[in-house]
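The values are calculated or read from the model by the stated rules, or taken from the named source; none is laboratory data. Just so we're clear, the structure is a prediction, and the values are computed from it rather than from any experiment. Using ideal geometry, Cβ is built from the backbone for each residue, glycine included, and neighbour counts are taken over all protein chains shown.
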Amino acid sequence: MIKRFIIYGLLGACGEILWNGIGSMMKGDLNLTGWTSIWMILIYGLAIFLEPIHDRIRHLSFFIRGGVYTVLIFVGEFISGFLLREILGVCPWNYVNKPLSFYGLITLTYAPVWFICGLTFEKIHDFLTKIDYILKRY
């Protein structure tokens, strides 16, 4: 479980750096400056809790599964951002100036991103499960 937590955390942080680097490029930064916060490794690591949900909803349609992940990711993003803001006084992201923002902690404009991330998570989860199976056999 700890290995997967670390894998999800590192994959999420790398994905965020890539996302921000592409965003920098779209703003004219040819350095493709990407960034994240160390806190994000812990937050993305929480994807470990999506594994049992994936196993239970695997039979549902693509759209329903993606919708479930979108809602759960929004909930996780809101709660983790709220806790960081309450405990540390700062949150690594700030959506205050984004449209459809809720307390600056989530923005509904990211729904398609979280939909795709959730479905990508399924592929990663299945891959890690296969790797575990292979390693346990030998």
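Among the residues of the stretch 66-83, the one identified as of a type in the set (S, T, N, Q) and under 14 Å from Phe115 (Cβ atoms) is Thr70. Taken over the stretch 97-132, residues that are in contact with a Gly (Cβ under 6 Å, 6 or more places away or on another chain) and farther than 18 Å from Thr36 by Cα amount to 3. Would the stretch 110-127 turn up any residue that is farther than 24 Å from Ile2 by Cβ, among the small types (Gly, Ala, Ser) and at pLDDT 95 or above? Yes, some residue in the stretch 110-127 is farther than 24 Å from Ile2 by Cβ, among the small types (Gly, Ala, Ser) and at pLDDT 95 or above.
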